[in-house]
Amino acid sequence: MANTILILGNGFDIAMGRKTKYTDFVEFEKQLFSNPDEKLQEFLQAKSISIEKYKDNLYLKFITENKDTLGDNWSNLEIMISQLADAIMYFKENMKLLYDSSDIHPIRKSRDSLKNETNFSAKYFIVEVFAPLYSHYEWKFLDRDLVLNKLNYIFIEQLNLLTELLEIYLSYLDYLDFDIQRLEASLTALDAISDLSNSSVLNFNYTNTSGHLYGTSEKKTHFIHGRIDLDRTFSRINTMVFGIEDKEINVNSDLIPYQKYYQRVVKETGKKFEDFFCIRNLKKRDIPGSNLQTIQGTSKNIVVFGHSVDPLDKEIFQKCFELTITRKYNSRFIFTYFDEQAKRSIIKNLAIILGKEKLIELTGKQKIVFIKSDDKDGMKDALLP
């Protein structure tokens, strides 16, 4: 029987009926500071959580002001973080424009000129928040270079606080879903996989939903972006990676703290998932009636469920494909999709990650197939034996 590797994105948690969309998180933040219910108050008290430092987060403020442009994907939220980081870098190169356009200037220049710039919303937001920060921290006696460094540091700290707040929300959601409501698995194409609990799991989520609902093993799960762990059972630090793609060849010291690869190194999320693609642990078994032996589990089904395959995570997917090509066993990537629009998006992203020719080759050889996320029979047919 083939081994199974599950690659899970946030769509998996959503398919299981969990409120893990970024919009759910934003609504939680509003409830937290306006009208927390009794269960939430009890949870915060039990975990000794003080919420004051999370109030008025600059990223959530920007998100709220631009929510109509976000869409439903977490990757879009990460894009907005990228836009703010890019805006700060822009003003590091154009300091005079920032000073002249903000309220600290005695005769403030019109900001209409910014409307002709790319990334206008983020640049305008930086201009808006600059004056209050400038006044609060008394930056008027500092060189402008140092002021922009301090501004960048504030946004890095705000991103860290946003990540902590997300950990609080998802931990509270775990409490509601698994301790209070006793959530059960929804019917999906995954039900076609026998012995699902024995799968290796490359988990892009911060939650361990597959462990709760399917009994997948902690030892065989890699939380590539870290995990929620309020009690610090598994690590002494917050290991959650929440940031942006590394778009530059050269290292930019100002942007590094925002970038996922840097956070993965600092938070030591590791490369455990690479072991899932190895064959060294496979066992030989005798073939009845002969002196021959065969290797058990020489095929691998790599089932991608609930992940948009966004190029933000391209280096991980490239590594997964590379590992299957270099290993001497049969393998198949099975990408599940919610609807036709999602399927087209996945194919577009695969073309970006693999290149057009490689994608055509792998789909032609049935090394890559696509199955609707609720099509159990389709999954059964697609699985390698």
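The values are calculated or read from the model by the stated rules, or taken from the named source; none is laboratory data. Computed from a predicted structure; not experimentally measured. All Cβ positions, even for glycine, are placed from backbone atoms using ideal geometry, and neighbour counts span all protein chains on display.
For the reader, a short list of remarks on this structure follows.
- Selection count, the stretch 32-47, where residues are over 20 Å from GLN181 (Cα atoms) and either within 27 Å of the chain's Cα centre (by Cα) or touching a residue at least 60 places away in the same chain (Cβ under 8 Å) (or both): 2
- Any hit, the stretch 328-344, residues being at pLDDT below 95 and surrounded by fewer than 16 Cβ atoms within 10 Å (Cβ to Cβ): yes
- Of the residues making up the stretch 57-80, those that are assigned to a helix (DSSP H, G or I) and either modelled with pLDDT of 90 or more or not assigned by TED's automatic domain parsing to the domain that holds ILE154 (or both) number 5.
- Only a single item in (1) modelled with pLDDT of 80 or more; (2) outside any loop (DSSP other than H, G, I, E, B) is not met by SER113, and it is number (1).
- Screening LYS150 with (1) closer than 30 Å to LEU40 by Cβ; (2) modelled with pLDDT of 95 or more gives one miss only, at (1).
- Single condition ILE49 does not satisfy, out of (1) of a type outside the set (S, T, N, Q); (2) in a loop (DSSP other than H, G, I, E, B); (3) within 30 Å of ILE193 (Cβ to Cβ): (3)
- Residue match in the stretch 235-245 (condition: surrounded by 18 or more Cβ atoms within 10 Å (Cβ to Cβ), in a loop (DSSP other than H, G, I, E, B) and at pLDDT below 85): yes
- Test result for LEU8, of a type in the set (A, V, I, L, M), under 16 Å from the mean Cα position of the chain (by Cα) and assigned by TED's automatic domain parsing to the domain that holds ASP191: yes
- Tally of residues being over 19 Å from LEU173 (Cα atoms), assigned to a loop (DSSP other than H, G, I, E, B) and not hydroxyl-bearing (Ser, Thr, Tyr) across the stretch 205-223: 3
- Of the residues making up the stretch 16-27, those that are touching a helix residue (DSSP H, G or I) at 6+ places or on another chain (Cβ under 7 Å), of a type outside the set (A, V, I, L, M) and either in a loop (DSSP other than H, G, I, E, B) or at pLDDT 95 or above (or both) are ARG18, LYS19, THR20, LYS21.
- Long-range neighbours under 9 Å by Cβ, at least six apart or interchain, first residue more than 16 Å from GLN31 (Cβ to Cβ) and loosely packed, with under 14 Cβ neighbours inside 10 Å within the stretch 48-74, second modelled with pLDDT of 95 or more and of a type in the set (Asp, Glu): LYS53/GLU164
Here's the yes/no breakdown for (1) among the small types (Gly, Ala, Ser); (2) in a helix (DSSP H, G or I); (3) in the same structural domain as ASP56 (by TED's automatic domain parsing); (4) surrounded by fewer than 20 Cβ atoms within 10 Å (Cβ to Cβ):
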{"position": "ILE156", "(1), (2), (3), (4)": "no, yes, yes, yes"}
{"position": "ASN160", "(1), (2), (3), (4)": "no, yes, yes, yes"}
{"position": "GLU164", "(1), (2), (3), (4)": "no, yes, yes, yes"}
{"position": "ILE168", "(1), (2), (3), (4)": "no, yes, yes, no"}
{"position": "SER171", "(1), (2), (3), (4)": "yes, yes, yes, yes"}
{"position": "LEU190", "(1), (2), (3), (4)": "no, yes, no, no"}
{"position": "SER194", "(1), (2), (3), (4)": "yes, no, no, yes"}
{"position": "SER197", "(1), (2), (3), (4)": "yes, yes, no, yes"}
